[in-house]
Amino acid sequence: MPSIERPDTLKEVALQYLRDAVCNADAQFRDGQWESIEQAVKGNRVLVVQRTGWGKTMVYTISTKLRRERGAGPSLMISPLVALMRNQKHAASTLGLNAQRMTGDNFDEWREIHKKLIKGEVDLLMVTPERLANDRFITNTLPLIADGLGMLIIDEAHCISDWGHDFRPDYQRIRRVQEMIPQGAAIVATTATANNRVVEDVRGQLGDGIQVTRGSLVRRSLQLHNFKIPEAGTRLAWMAWAIADHLPGSGIIYVLTRRDADLVAHWLQSRKIKAFAYHGDSGEREELENRLMNNDIKVLVATIALGMGFDKPDLSFIIHYQRPGSVVHYYQQVGRAGRGITDAYGFLLWGEEDERIADYFLDNAFPSQAEIDEVLGVLEETDGGLTLKEIMFRVNLKKSRIEKVLKLASLESPAPVIYEAGKAGAWYATGDVYGFQVPAERIKRLKEIREHEKNQMREYMNHDGCLMAFLQRALDDETAQDCGRCRNCTNRTEKSFLPKPEIIQEAEKFIRKRPIVIFPKRKWPISELSDHPIHETQQILPEFRASVGFSLCRAFDDNLGDEILMQRRRRSQYSEAVVDAFCEALKSRIQQEGIVCVTYVPPRNRRRHVPILASALASNLGLQLIDAATRVKTGRSQGDFKNPVQRSRNIADVFVIDAPCKSPTFLIDDIVVSGWTMATMAALLRYDGCPKVIPAVLVTRSLSE
C-alpha cells in the first residue's frame, strides 16, 4: 500500500468527505472520530465505543474511501441486520463507494456481485455473521477479491462477546476471516454498548493489539421517562393519548413479542393513528422502513427486528411497551431517537407481564445436555446428512431448540457437526458427537450475567435519580453525571400522566373484543404425511384449504380465557355464559360466509364437551349439526409435540369422514394449539365435498413453532 500523506493533509481530505456525506459544509469531526479514522487508514486495529448517533458509520466508510484511493483492497463488513445494512449502503453511496450486500433475501444478485468482485468494482462487501458459517463463501467468494481485503469491519461488535452468544453466535467465526486478511489490513470494530466486560471479550477475539477509542455515552437530546403501568389497557390508552396529543414527529414503539406488535399497531390504527407492526412476519419490512424515513408513518410498532443501527435523524420518540431484558438492549433501542434534533423522548413503560417474558427468554437461551445428545444422536445414527426438517421428524423438540443445538455444536473446534449448503442444505456428524458436552460452566456464567442484567433493568425502572446517568454507569461510562433533562432530574415524578378513564375503558374493550384470527395453513411441513390424497403434494391445494377462522379469546389474556380453561380442566360442559359469548361471535359470520352447517373435531377421549358445545351452537344459531368425522386412532395430545413436523404427523391419519358436509360449515373445537388439527380436518372435509370450512374455537393457546 502506498505511503500515506502527512496527517494534516489526510485529515483535511477526510473532513471534506465527512461534510459531503452529511451535506453540511461546516461539519467537524466529533471527539475521537478523526483519531479512529487515522488508525484505520494506517492499517491498525481499533475498537470504537461511542454513543448511539455519534457517527461510527463515518469512521469505517471514510476509512474505506481513503484506503481504496491509496490502493488497498475492498472492505468486508460483518453486520447483524439487513435493515442496518440498508442504512450503511446508503451512507457509503454518499461517498461514492460501491457497497454490495450478500444476504439471504438477494440471492439472485450474488452472481453479478461475484463478477464485480473479480473486476475490483466493489468497495464495501456487507454480509451477516451467518455467512461466515458457509464454507462456499469462505472458499469461493472471499478469494475473488484479487488484492485481498483492505479492511475488516465488525459492526455492533458487542455481539462478539459471550453476551451476544445466543443472539448471533456466528460472530464467533470472525477468526476464520482474520486468518485470511493480508498483512497491513485494518480492523475496525464499532459498538455503542460495550461495558468493560464486553470490551475484554472483544479484545480476546480480535487481539490484544487493538486500540480502544471510548467516549461519553450521554445523549443530551433525550428526555427519559419511566412509568409503571401494569395493566395492558392503560398502557394502550396512554400511548394513544400521548402520540395523538403530545408527541410531534414520528417514532418507534418497542415490544417484546410479535403478538404484542400486532395488538399495539391495531389499537393505534383504531384510534386513527398511522401505525404498523414490524417484526419477522410483517412482510414488506423495507417498505415500512422507507415509509417511516419519509414520515409517511407516525409510528412503527417493532420487535428487536428493528433495532441496531436504524438511523432516522429526526426520530422524535421511542416508547417501550414492556421493559427490555437488559440495559444494553434499552440503550440501543432508545438511542434510535434524537440523533439529529435537540429534543426527543424515551418512555419506558412497565407491564405486569414483563417478568414472565424475561424469564421465558432466560430459560430458553441455551440447550440442555439432553437436547444436545438427542439431536446429535440422530445425526450420528444416520448414513449421510439430515435436513433441518428431517431432524424435526426424528426429534420432538422445537425448531428453535434444534437450531440452537446445531449452532452451539458447529462453533466448537473441532466441530462435531457441519452444515453443507445445497439445494436443501443438510447437517452431518463429523465424528465423536457423543463426546460433545454442553459448556456448563460457561452457560452458568452467562445465565448469571443475564439475571444480573434483568435485575439491573428492574433497578432502573425504580431509580429515583438521574436516568441517563444510571444508563451510563451501567455501561461503565466514567463520565456519568446528572443530565438535568429526565423525569427525575426535572422533578416531574408526581405529575399525573394517565389518560382519561373513557380511553382506558375503550382500550380494555379493544383487548377483549379484538379479532383473533386463525390463518389457514398453506403447506404441510413435510410431504407424504399419509396415503390420503390431501397429502399427495406438500402444498395444501387451494381446494383443500380452510378459510380464515377465528378464536373467541386467547389463553391467559383475560377472565373469559381463564374461565374456559378452568371449565375444560374440570371436564365439565361449557357454561351458558361461554356458549352465549361464542354464539354472539359467530352470528356475524353466518350470513357473511353463507354458513349452513356446524361440525366439530372428534374428541381424543370420551369427553363430550366439544360435541355438546357444537350441538348448543347449532341449536342456538339455527344451523344443521353434522357428526361428520370419527377418530380412528386415539393419538397423543398435540400439546405433547414441540414442532410442526411432529404435530402434523401426529394428526395426519387420525380422522375419517363418515357424513360429508355439502354446504359451508363451521368447524368447532374448544382449543387450538398449533392449527394442524384444524388444517387436517378442513382438508378432509373439503376433499369430501365441503365448499368452505371456517375454523372456530373458544381459545387460542399458541405454541411457537
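The strands (runs of 3 or more DSSP E) falling completely within segment 205-263 that include 1 or more residues that are open to solvent by less than 10 Å² (accessible area, probe 1.4 Å) map to 222-228, 251-254. For segment 630-639, filtering for residues that are farther than 11 Å from Val673 by Cα and either open to solvent by less than 70 Å² (accessible area, probe 1.4 Å) or touching a Ser or Thr at 6+ places or on another chain (Cβ under 7 Å) (or both) leaves 3. If you go through segment 585-623 and keep only what is among the polar types (S, T, N, Q), open to solvent by 60 Å² or more (accessible area, probe 1.4 Å) and out of contact with any Ser or Thr (no Cβ under 8 Å at 6 or more places or on another chain), you end up with Ser588, Gln591, Gln592, Ser619, Asn620.
Across segment 9-61, the number of residues qualifying as open to solvent by 70 Å² or more (accessible area, probe 1.4 Å) and touching a strand residue (DSSP E or B) at 6+ places or on another chain (Cβ under 8 Å) comes to 3. Of all residues in segment 333-354, exactly one satisfies the criterion of being of a type in the set (S, T, N, Q) and either closer than 11 Å to Ile319 by Cα or touching a Gly at 6+ places or on another chain (Cβ under 8 Å) (or both), namely Gln333. Residues in segment 640-667 that are open to solvent by less than 30 Å² (accessible area, probe 1.4 Å) and closer than 28 Å to Asn364 by Cα: Phe641, Asn643, Pro644, Val645, Gln646, Arg647, Ser648, Asn650, Ile651. If you check Met151, Met180 for being at pLDDT 85 or above and over 17 Å from Val49 (Cβ atoms), only one passes: Met151. Would you point out the residue of segment 675-703, among those that are open to solvent by 20 Å² or more (accessible area, probe 1.4 Å) and in contact with a helix residue (DSSP H, G or I) (Cβ under 6 Å, 6 or more places away or on another chain), that is nearest to Gly635 (Cα to Cα)? Applying the filter and picking the extreme gives Thr677.
Quick check on segment 180-198. Is at least one of its residues assigned to a helix (DSSP H, G or I) and in contact with an Asp or Glu (Cβ under 7 Å, 6 or more places away or on another chain)?
yes
Looking only at segment 560-597, residues that are at pLDDT 90 or above, farther than 27 Å from Ser547 by Cα and under 37 Å from the mean Cα position of the chain (by Cα) come to 0 in all.
Selection of segment 308-322 for residues being over 16 Å from Gly249 (Cα atoms), modelled with pLDDT under 90 and in contact with a Lys or Arg (Cβ under 8 Å, 6 or more places away or on another chain) yields only Phe310. Screening Arg514 with (1) basic (Lys, Arg); (2) surrounded by 12 or more Cβ atoms within 10 Å (Cβ to Cβ); (3) over 25 Å from the mean Cα position of the chain (by Cα); (4) over 24 Å from Gly325 (Cα atoms) gives one miss only, at (3).
Would you be able to tell me the number of residues in segment 137-156 that are assigned to a helix (DSSP H, G or I) and open to solvent by less than 40 Å² (accessible area, probe 1.4 Å)?
4
Checking the conditions here, which among Thr103, Thr64 is crowded, with 17+ Cβ neighbours inside 10 Å and under 21 Å from Asn134 (Cβ atoms)?
Thr103
Among the residues of segment 466-495, those identified as part of a loop (DSSP other than H, G, I, E, B), open to solvent by less than 60 Å² (accessible area, probe 1.4 Å) and more than 15 Å from His225 (Cβ to Cβ) are Leu475, Asp476, Asp477, Ala480.
Considering segment 67-81, the residues that are touching a helix residue (DSSP H, G or I) at 6+ places or on another chain (Cβ under 9 Å) and of a type in the set (Lys, Arg) include one that is surrounded by the most Cβ atoms within 10 Å (Cβ to Cβ), namely Arg67.
With respect to being open to solvent by less than 60 Å² (accessible area, probe 1.4 Å) and more than 30 Å from Arg394 (Cα to Cα), Ala577 falls outside the description.
Please determine, by comparing only the residues of segment 122-136 that are under 17 Å from Asp105 (Cα atoms) and among the β-branched types (Val, Ile, Thr), which one is least open to solvent (accessible area, probe 1.4 Å). Per the criteria, the residue is Val127.
Restricting to segment 95-125, name every residue that is of a type in the set (D, E, K, R) and assigned to a helix (DSSP H, G or I). Lay out the reasoning, then the answer.
Residues of segment 95-125 of a type in the set (D, E, K, R): 101, 105, 108-109, 111-112, 115-116, 119, 121, 123.
Answer for segment 95-125, where residues must be of a type in the set (D, E, K, R) and assigned to a helix (DSSP H, G or I): Asp105, Asp108, Glu109, Arg111, Glu112, Lys115, Lys116.
Of all residues in segment 125-152, those that are within 14 Å of Arg176 (Cα to Cα) and in contact (Cβ under 8 Å) with a residue 12 or more places away in the chain have Cβ atoms under 7 Å from Cβ atoms of residues that are among the small types (Gly, Ala, Ser) and open to solvent by 30 Å² or more (accessible area, probe 1.4 Å), 6 or more apart or on another chain, in Asn134/Ala421; Arg136/Ala421.
The values are calculated or read from the model by the stated rules, or taken from the named source; none is laboratory data. If you're wondering where the values come from, they're calculated on a predicted model, not measured in any experiment. FYI the Cβ positions are ideal-geometry reconstructions off the backbone, even for glycines, and counts take in every protein chain you see. Quick note on the areas: whole protein, heavy atoms, side chains included, nothing else; ligands and nucleic acids left out. Shrake-Rupley method; radii C 1.70, N 1.55, O 1.52, S 1.80 Å.
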